[in-house]
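S.K.: The following block contains the structure, expressed as structure tokens.
The values are calculated or read from the model by the stated rules, or taken from the named source; none is laboratory data. A quick note: this is a predicted structure, and the numbers were derived from the prediction, not measured. A quick note on method: Cβ atoms are made from the backbone with ideal geometry, for glycine too, and the neighbour counts reach across all protein chains shown. Side chains included, ligands, DNA and RNA excluded: accessible areas come from the protein's heavy atoms. Shrake-Rupley method; radii C 1.70, N 1.55, O 1.52, S 1.80 Å.
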Amino acid sequence: MRPIDLTGFAEKFATHDDPWRTYSDRDEAVKRAAILHALGPGPLGRVLELGSGNGSNSRAMAARALRLHATEGTVEGVALTARAIADRPRARAIRLALPARFPQRDYDAIVIAELLYYLPPQAMRHVAKCVAQALRPGGRLVLAHHRIDYYDFAQHAAGIQQRFLDLTGTSWRTDTVRRRGRWHVVVARPICR
């Protein structure tokens, strides 16, 4: 594997608005529906999306959130996300290159899709701790990732979501929302003691 970095993602978005066909691919639409199902019907309070890419998921989530912070590490991705949510006044596209401090302290839901295996292990550990601190009691963490490796990952895909949850230092109740051959979506809720 030869990991892609933010420069590589910026180049992809500068060349094509939808390099992974997230708006047009049927499988991506199924995954997006699973993410929305994991979030629940709403309305949700504050929602944080880490790694919004071109905003294809952001647009769908914005309809269910009273406030959405859709974060992306590249300038190009932030511009695409901003365009996708332009008609949603309570949604903001924010540049955030992980690991970094989140835009706010508390969120009712956090969505991480197709991101974790691009983070080096130390960065993923930092993000995991930040997620555990930022998710309100009773909140939902939605994870949607491939189960197979691609050439540009920094980490192997197999088990990435469980490894991330383990790094949070929190106990979780998890439910699989949808599993396909190449990806799966889970929702995790912290277990309060």
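S.K.: Can you figure out the FRET efficiency of A63 with E11, using R₀ = 41 Å and their beta-carbon distance, to the nearest 0.05? Let's see the in-between values first.
M.R.: Working: r = 31 Å, r/R0 = 0.75.
My answer for the efficiency is 0.85.
S.K.: What figure in square angstrom, to the nearest 10, would you give for the accessible area of W20 with a 1.4 Å probe?
M.R.: 100 Å²
S.K.: Over the range 116-193, what relative contact order in percent results from Cα pairs under 8 Å that are six or more residues apart?
M.R.: 38 percent
S.K.: Okay, next question. Looking at the square roots a ≥ b ≥ c of the eigenvalues of the Cα gyration tensor of the range 73-162, which shape do they give, rounded for a/c under 1.5, prolate if a/b is larger than b/c, or oblate?
M.R.: Because a/c hits 1.5 or more and a/b fails to exceed b/c, the range 73-162 counts as oblate.
S.K.: Starting from the 7 Å offset along Cα-to-Cβ, what nm value, one decimal, do you get for the label separation of V75 and K129?
M.R.: A separation of 3.1 nm, rounded to one decimal place.
S.K.: For the range 109-163, report the accessible area per residue in Å² (1.4 Å probe, heavy atoms, rounded to an integer).
M.R.: Per-residue value: 41 Å².
S.K.: Could you please state how large a percent of the accessible area of the range 1-111 is carbon and sulfur, counting protein chains only and using a 1.4 Å probe?
M.R.: Solvent-exposed carbon and sulfur of the range 1-111 make up 49 percent of the total.
S.K.: Based on DSSP, what percent of beta bridges with both residues in the chain are antiparallel, to the nearest 5?
M.R.: If I count the DSSP bridges inside the chain, around 40 percent turn out antiparallel.
S.K.: In nm, to one decimal, how far is the modelled label at A33 from the one at T176, with both set 7 Å along Cα→Cβ?
M.R.: 1.9 nm
S.K.: While we're on this one: Distance in nm between label sites at R136 and R90, each 7 Å beyond Cα in the beta-carbon direction?
M.R.: Once both label points are built, they end up 1.2 nm from each other.
S.K.: What figure in square angstrom, to the nearest 10, would you give for the accessible area of V30 with a 1.4 Å probe?
M.R.: Its accessible surface works out to 20 Å², give or take rounding.
S.K.: Next question, about the same structure. Say R0 is 45 Å: what FRET efficiency, to the nearest 0.05, do D152 and C192 get from their beta-carbon distance?
M.R.: About 0.75, to the nearest 0.05.
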